[in-house]
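First comes the structure, then the notes that go with it.
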Number of protein chains: 2
Amino acid sequence: MKRPELVLRDFCIPVNPYFPTAGMFAKFHEQLETGLKYYPADNAEIAHVLAEVLGLDPASVVMANGSTELITWICELLVRGGLATPVPTFGRWTDQPRELGQAVHEFPLRAEDGFRLAVDRFVRFVRRRGAAAAAICNPNNPTGSLVPREDLQRLLEELSDLDVVVIDESFIDFAEPDDIPSAASAAAARPGVIVIKSLGKNFGLHGVRAGYAVAHPRTAELLRRRLPPWNINALAEMLVRALPDHWAEYEQSRRHVIRDRLCLHHRLARLPQLVVFPSKANFVYVRIPQVVDGVQLRNRLLTEYGILVRECGSKSGSDRHHLRIAARPETQLDQLTTALAAALEELGSPRDAKAVGA
Amino acid sequence: MKRPELVLRDFCIPVNPYFPTAGMFAKFHEQLETGLKYYPADNAEIAHVLAEVLGLDPASVVMANGSTELITWICELLVRGGLATPVPTFGRWTDQPRELGQAVHEFPLRAEDGFRLAVDRFVRFVRRRGAAAAAICNPNNPTGSLVPREDLQRLLEELSDLDVVVIDESFIDFAEPDDIPSAASAAAARPGVIVIKSLGKNFGLHGVRAGYAVAHPRTAELLRRRLPPWNINALAEMLVRALPDHWAEYEQSRRHVIRDRLCLHHRLARLPQLVVFPSKANFVYVRIPQVVDGVQLRNRLLTEYGILVRECGSKSGSDRHHLRIAARPETQLDQLTTALAAALEELGSPRDAKAVGA
């Protein structure tokens, strides 16, 4: 029997819940009919608007129909002779090259290191495997671990002979409140480096399908020429054009999400059955006890407690004993932690059990 | 000095003005926040919904971020050894292969034939040039001429050894009120034929970026595997999911547009300075007198009379003496024809001049 008071809470999709603001949505509503009836601007024009907001050189920015469009085209055009990537990672980075018949060299991140990327070991791995391309999510998805700026700089220098090194920064706005450790300026300066970013995650609009790449003007021009010239829809254009007037609100929302993630980490760490890994994204990666099956736990959380989390068994380099839990407003955390504690107990891991540490 | 009563009228963008209905827009508004906050379904799922509405085999349908995404990928993956296309045509069919370094073999359509495609001559042209691919807009854009079903069937048979023959049917819903002469079922049956279609034109939403391909399941699978797997935005998904409940209204709107095109043709044909070509699309292609420059005419129509038309000088196979005029509600035609007659006279072609016929 379903409990009548069950309120569904989504801790699965990592989205900024504080943006766009109600005022921005009101504007989108006003512009909807006209926006949809007429053609949006082309890629280069919208990229120009975005570059100005982000303080980047427009010649280095390429707009895309989501970061997935960029991953698809980068693998199609630039990945030859295999791609190395730390795992677990965003699924498209392992699946896309394989679908094209490319070798994918998976470099396993280690729980005992908190899933931090050991840059020197990774560079040696790339050499040993003879990979000509590499892709790194920073912060990593699903673990949330961040490669610090100096390490990343070293990695880009060490691998500067590769055809391409892609840094997927879809979650980097949630890494630090003040100094966002983006490699965008490094990418704009080196022909072999591309930074890509989904706009859906940080701007809270997964359905809009918008993303961009930052690259050396020569690399950006190659991508711009090969991608469909009219790939940006009216809503994505409205979003980008609204950003200059709402940047302060975005900054505020971003900081709010970072506070939510810290709070989520703190609350999860109080559950003795969980190992909680350090995260610089807007989600937290946790390990559940070996006696509990992640799929059963996810299903029970949803059906009995109205809580949706991402069970990570389908991800290469992860398994059914790991969950990704998205940062949400603090007011929702009681429901989450109560449900987790109860469901874990019901599935055989009592509250006084101790997490097996990393 | 600008006339205060100037009402701007867009006869440039060929869009269905009667769809989506106000009721559908009301639903889009209701769904906007939720639709944009969450991920849309993937390509295959949305293609399935569309295929059911259109009475097609879902295995033959591939959704795209506008027909341009399909043109880009078809040229990238399937066009090797040159593409033949009748001109004038939609610009991407001449520009895209060229941008990839492919030869484009332009087959000039003749004004004296009313820009009808002479299928046998085109087939001989393809052979003579040794092209391995062909693309035909049907109805043609910008001329509006239609290849009749039997001719098209013959063309597909004659060219069945080519790598690919693409029929771009973006405007075909406006060809006939009852029996739409689509080649979709022929495409689903032959691995070398692809029908593509923009959804923006017929469903009145250029900003939504949606289109689809119909092809043999094997060809469809190839495209589906190579295109980005999540390429459909939330608004395009809302549109597709709304279609089953609003199909009767769409049918009505489509017939209304056909009546508007007939009416537009009739009214334009009464201007002695114009040669008006037969059209089966939602626009009409006209020739203006040699003494008048099309760019000057377009500019004068816009600044003095508030009328926007497409001057076709930039299109290969057309020139500055041709305009494409979109079908609009009949109530707007007085403003159009009055402006055209006056502007032509002001630019040196008096009302009693006679058009130089085809």
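None of the figures in this text is laboratory data; all of them are computed from the coordinates on show. For clarity, every value in this text was computed on a predicted model and none was experimentally measured. All Cβ positions, even for glycine, are placed from backbone atoms using ideal geometry, and neighbour counts span all protein chains on display.
Some observations on this one:
- Centre-to-centre, using Cα atoms only, the stretch B:184-247 and the stretch B:265-326 are separated by 31 Å.
- Spin-label pair B:SER314/B:ILE180, simplified geometry with 7 Å Cα→Cβ offset, distance in nm: 2.9 nm
- With both residues required to sit in chain B, DSSP beta bridges show an antiparallel share near 50%.
- Here, P(r) means the percent of Cα pairs in each 5 Å bin from 0 to the largest distance; for the stretch A:1-127 it is 2, 8, 10, 11, 14, 15, 14, 11, 8, 6, 2, 0.
- Under the simplified labelling scheme, the B:CYS263-B:ASP42 pair shows an inter-label distance of 4.7 nm, with each label point 7 Å from Cα along Cα→Cβ.
- By DSSP, the beta bridges lying fully in the stretch B:124-233 are antiparallel in about 30 percent of cases.
- Radius, Kirkwood style, for chain A when every pair of distinct Cα atoms is counted (Å): 21.2 Å
- For the stretch A:260-358, the C-alpha radius of gyration divided by 2.2 N^0.38 Å, with N the number of residues, is 0.96.
- ³J(HN,Hα) computed for each position of the stretch B:17-23 - Karplus, 6.51 cos²θ - 1.76 cosθ + 1.60, integer Hz, glycine/proline x: x, 9, 8, x, 6, 4, x
- For residues of B:203-216, the mean tally of beta carbons on other chains within 10 Å: 4
- Shielding score for B:236-248, defined as the mean number of other chain Cβ atoms within 10 Å: 1
- Exceeding the 23 Å Cα-Cα cut-off - candidates B:LYS315/B:LYS354; A:LYS37/B:LYS27; A:LYS27/A:LYS201; A:LYS197/B:LYS201: B:LYS315/B:LYS354; A:LYS197/B:LYS201
- Beta-bridge orientation, the protein assembly as shown: approximately 50 percent antiparallel, per DSSP, counting only bridges with both partners inside.
- Nm distances between copies for A:ASP319, ranked from closest, using label points 7 Å along Cα→Cβ: 7.5
- Taking every residue in B:62-70 and counting other chain Cβ atoms within 10 Å of its Cβ, the average works out to 4.
- Whether the stretch A:199-286 is rounded, prolate or oblate, judged on the alpha carbon gyration tensor where a/c under 1.5 counts as rounded: prolate
- Residues whose placed amide H lies under 5 Å from that of B:ALA84, excluding near-sequence neighbours: B:HIS105, B:ALA133, B:ALA134, B:ALA135
- In this assembly of identical copies, the label point of B:GLU221 (Cα plus 7 Å along Cα-to-Cβ) is separated from its counterparts by 4.1 nm, sorted shortest first.
- Label geometry 7 Å along the beta-carbon vector: A:PRO58 inter-copy distances in nm: 4.4
- Centre separation in Å (Cα based) which lies between the stretch A:1-75 and the stretch A:111-163: 28 Å
- Relative contact order computed over the stretch A:234-342 (Cα-Cα under 8 Å; 6+ residues apart), in percent: 25 percent
- Charged side chains reduced to their Cβ positions (Lys and Arg at +1, Asp and Glu at -1) give the stretch A:1-147 a dipole of some 760 debye around its Cα centre.
- Global form of the stretch A:79-128, assessed from the alpha-carbon gyration tensor, a/c cut-off 1.5: oblate
- With contacts taken as Cα pairs under 8 Å and at least 6 residues apart, chain B reaches a relative contact order of 24 percent.
- Per residue, the convex hull around the alpha carbon atoms of the stretch B:79-220 comes to 114 Å³.
- Translational D in µm²/s for the protein assembly as shown (Stokes-Einstein at 25 °C, 0.890 mPa s, Kirkwood Rh from C-alpha pairs): 89 µm²/s
- Translational diffusion of the stretch B:122-179 was estimated from the Stokes-Einstein equation, with Rh taken as the Kirkwood radius over Cα pairs; at 20 °C and 1.002 mPa s the coefficient is 175 µm²/s.
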